[in-house]
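Have a look at the structure below before the remarks.
What follows is calculated from the coordinates using simple rules that are stated; it is not laboratory data. Quick caveat: nothing in here was measured; it's all calculated off a predicted structure. No Cβ is skipped: glycine too gets one built from the backbone with ideal geometry, and neighbour counts run over all protein chains shown.
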Amino acid sequence: DQASLDPKIVSLWEKCAVNENNDKENFQRSFVRHVTTTLARSVYNIDNFSAYQATAHTVRDQLIKQWNETQQSHTEADPKRVYYLSLEFLLGRSLDNALLNLGLKENFGEGVKDLGFRMEDVLDEEVDAALGNGGLGRLAACYMDSLASLDYPAWGYGLRYTYGIFQQRLNDGYQVEFPDYWLNFDNPWELPRLDVTVDVQFGGSVNKYTDEDGRVRHVWEGNDVIKAVAYDVPIPGYGTKNCINIRLWSSKPKRQFDLGRFNAGEYEQAVQEQMQAENITAVLYPNDNHMVGKELRLKQQYFWVAASLHDIVRRFIKTGKPWSKFPDQVAIQLNDTHPTLAIVELQRILVDLEGLKWDEAWDIVTRTFAFTNHTILPEAMEKWPVPMVAYLLPRHMQIIFDVNLFFLQKVEKLFPDDRDLLAKLSIIEEATPQFVRMAHLAIVGSHQVNGVAELHSNLIKTTIFKDFVKFYGSEKFTNVTNGITPRRWLHQANPKLGDLITEVLGSKNWLKDLSSLNQLEKFADDKEFKKQWVTVKRSNKVRLAEYIKTHTGVVVNPNALFDIQVKRIHEYKRQFMNILSVIHRYNSLKKMSSEERCDVVKRVIIFGGKAAPGYYIAKLVIKLINSVAEVVNKDESIDDTLKVVFIPDYNVSVAEIIIPASDISQHISTAGTEASGTSNMKFVLNGGLILGTVDGANIEIHEEIGDDNIFMFGNLADQVEDLRHAHRYRNVPIDPALQEVINDIESGHFGDSRIFSPLINTLTIGKDYYLISDDFGSYLSAQNLVDEAYKNQDDWTRKSILCTARMGKFSSDRAIKEYANRIWNAKPCST
Ligand code: GPW
């Protein structure tokens, strides 16, 4: 409370709050002070890592100031707040991003250089914050950047995993996983709030009593209590003083150990409780687009949701407003179904703890929450066994049953005697045991449900949620096409292209308004500009070639066409189809004379991505890629016309090197399976062309950039059902070119073919669920068109420029404004 502060403190604070001059000299003073005090090192002994730490701590000081000022001003203004609940925040590195967003890069860069360090080396010392699997987690990170840059009063809530996504190494071409112990050294990008804690309980039982008004009230007496401790991660906006927050919870035992047992000499049992508590936030589950029903995962979800809601409610109560105002003050966005228990937890808080009537509470709840769906794949749909929920969260299970009862009563009223519809809409799946369908709960408890690209948002209305459209009408369902932050994915990852754009457009305004990139169109035929464009792309390819040399030993030619597919390894993403087409290409090259090969466009085919540790088929795809690479790369008879590379341990910081270097990137999911994709946007923004299927955001990218600048192929989403049906019930002959490739693998050309038979079987006895055979012919044709187009380098450059120029729509700023205006009803609030 500012009024009660000592005026002396207030005046000092105000002085402090005025940003000091961040010139080179002040930076260097701070750098040396952090080396000698924070790091307690001698100035005679500063290595790159210490230089990184000292620079990071200097930036951290600035972040803390801006964080404080922003939060203070939000408390005073008391606007409607936005909370983004995500189990994953795939932030990557922070130093370069903070330097650029805070506008410190130039001065601090000079300061670092002046002290004898190379900025690239210093930046390279940072470990990624890899608290996510792939697209969903990275989307959350891009959205935080936009929320901050657009001055929204927003917070993210997540978990502070001790171990992020595993590190991937290769052994004999197979993926092996290593723990990602990212907190091994001090983490300057978090502010531990050891005093901000929430007790979260599990298990126990529910007791009933009748209150003074004669109402039946419920009290949940938990069994275990675990403490959630807050760690705040400041997120600076670009070109604003606003700095928002991601609050990550870490689990700690309520008490250090059982003193009775300790004194009885039972040391192991005495610390068991502590270890179990710390387990909750120990590790990120490494599955992408796949549900694994582990009890610990459900505990993570409730632990996170309970701590976050307690925090949100606590902040609201401080304003002294009545509960009816809660939805006017708070918007909570659910990033997929992972935080769906938040709906139940808020209802419990309002009814059990605050004493509101059920209907009044439920109205507040549904006006507060909105839900984003990110997939229609059946195996990714979250459902939890009722007995497990009842055991861990007995009161929540009761509330879910009541929510379902009242919901189904309403359905029944509108559609009397439709038992079938009731069963389809029910939050409870009637099986043995019963399951809670989290998506159904999320829909019923939210006022808006959105998909993440046009096609996907239409598909959810006609497939997985079609019965909900019957009941609610289609207005409850909407689309917000995903976006990416141009700050990280162009300015930071591709500084040379960023500088060129800034130079020719005459300002950095495009970083705040990406649609202004359309002014590049008039330079698409400008000879001088094109030359510069090519020079930048070429230098990014050289940078990637060096990275490939260092990390795989393979030497690649930067003049070749770089063809890239980097993303989580998944059957629906069809890396398998890609490597099969590589074999086809290789065999064609082998059949040519060396004169014929002279006319062939040289290609480097680059893969990267992690497979979930338990995903056997995905891991076999990695092995096949490496086996093919081994044969192709050492075959001198094809004159370097083809190289195949698997870059290990694909993550955000590796993506920043790979994406700016692409000529073509592949986004080739079976139509209807990739909800949006976001790396497709990153590649095109960096002047890379796409080879893709008619799926997810590819469709909207195509709409924006035009037919001439994208290579699309394959069957459409509305054909998929029939094609699958045909495979299942008729003998559909395999595409002949594909059959040849299969024969080649089976002949042992790429090592012991028995290894790959489970993979080959997915095409044959597995009925080719992802329709590789159906798309293979058009895929090869599209590949040929790519080769032809690349021969005309001048025209290719024109396409590349037009790609970048027309990507304005895909800024996450546009996406966030849509959420704010159409879903949250939230306004910016600048400091
Ligand atoms: F299954 N996505 C992801 F929907 O990266 F939850 N992980 C996931 O577990 C899920 C979705 C989930 C991705 C989608 O696959 C991708 O198409 C989309 O662009 C991204 O989420 C962001 O919306």
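Give the residue from 244, 415, 464 lying farthest towards the positive end of the charge dipole for the chain; charges sit on Cβ (+1 for Lys and Arg, -1 for Asp and Glu) and the dipole is referred to the Cα centre. Result: 244. Amide H to amide H, with H built 1.01 Å from N, residue 158 comes under 5 Å of 247, 248, 249, counting only residues 5 or more places away or on other chains. By a straight-distance test (C-alpha under 13 Å), which aspartates and glutamates pair with residue 15 as possible cross-link partners, with residues fewer than eight away in the same chain excluded? Leaving aside aspartates and glutamates fewer than 8 places away in the same chain, those within reach of residue 15 are 69. With the highest mean first, a sort of the peptides 257-267, 660-670, 467-477 on other beta-carbon atoms found within 10 angstrom per residue produces 660-670, 467-477, 257-267. Extension gain, residue 830-residue 13: 0.36 nm per intervening residue step, less the Cα-Cα distance, totals 292.1 nm.
Which listed residue (515, 763, 557) has the Cα farthest towards the positive end of the charge dipole for the chain, taking +1 on Lys and Arg C-beta and -1 on Asp and Glu C-beta about the Cα centre? Of the candidates, 515 comes out farthest on the positive side. Going through the cross-link list 299/619; 623/682; 610/799; 65/105; 610/809, which pairs have a Cα-Cα distance over 20 Å in this structure? Where the Cα-Cα span goes over 20 Å, the pairs concerned are 299/619; 623/682; 610/799; 610/809. Computed about the Cα centre, the dipole magnitude for the chain is approximately 820 debye when only Lys and Arg (+1) and Asp and Glu (-1) carry charge, each at its Cβ.
Summarising the label geometry, the points placed 7 Å from Cα in the beta-carbon direction at residue 418 and residue 296 lie 4.4 nm from one another.
Bridging of residue 357 to aspartates and glutamates at a Cα separation below 18 Å is possible for 211, 212, 213, 345, 402, once same-chain residues fewer than 8 apart are set aside. Where in region 789-814 does the amide nitrogen come within less than 17 Å of the point 7 Å from the Cα of residue 538, taken along Cα to Cβ? It comes to 791-798, 800-801, nothing else. In terms of packing, defined here as the mean over residues of other Cβ atoms within 10 angstrom, the peptides 329-340, 47-58, 100-111, 701-712 line up highest first as 329-340, 47-58, 100-111, 701-712. With the charge dipole of the chain set up from +1 on Lys and Arg Cβ and -1 on Asp and Glu Cβ about the Cα centre, the Cα lying farthest toward the positive end among the listed residues 637, 697, 579 is that of 697.
The calculated FRET efficiency for residue 210 paired with residue 255, based on their beta-carbon distance and R0 = 25 Å, is about 0.15. Near residue 712, the amide H atoms lying under 5 Å from its own belong to 692; only residues 5 or more places off or on other chains count, and H is placed 1.01 Å from N.
Measuring r between the beta carbons of residue 221 and residue 78 and using R0 = 45 Å, the FRET efficiency lands at 0.80. Across region 346-356, coupling constants 3J(HN,Hα) worked out from phi with the 6.51/-1.76/1.60 Karplus curve, θ = phi - 60°, read 5, 4, 5, 4, 5, 7, 6, 8, 9, x, 6 Hz, and Gly and Pro carry x.
Over all other residues within a Cβ to Cβ distance under 11 Å of residue 73, the charged ones net out to -3, with Lys and Arg as +1 and Asp and Glu as -1. One decimal place: the segment residue 725-residue 637 gains 27.4 nm when fully extended, by the rule 0.36 nm per residue minus the C-alpha distance. Overall shape: prolate for region 489-810, with the ratio a/c of the largest to smallest alpha carbon gyration tensor axis at 1.5 or above and a/b above b/c. The Stokes-Einstein estimate for the chain, based on a Kirkwood radius over Cα pairs and taken at 10 °C with 1.306 mPa s viscosity, is a diffusion coefficient of 56 µm²/s.
Cross-link partners for residue 476 among the aspartates and glutamates, with Cα-Cα distance under 18 Å and sequence neighbours closer than 8 places in the same chain left out: 336, 363, 454, 467, 818.
Between residue 193 and residue 23, the FRET efficiency estimated from the beta carbon spacing at R0 = 56 angstrom works out to 0.95. In plain terms, the chain from residue 271 to residue 176 could stretch by 31.0 nm, reckoned as 0.36 nm per residue minus the Cα-Cα distance. A simple rule links phi to the HN-Hα coupling: the Karplus curve 6.51 cos²θ - 1.76 cosθ + 1.60 with θ = phi - 60°, which for region 786-797 gives 4, 4, 4, 5, 5, 5, 8, 4, 5, 5, 4, 5 Hz, with x for Gly and Pro.
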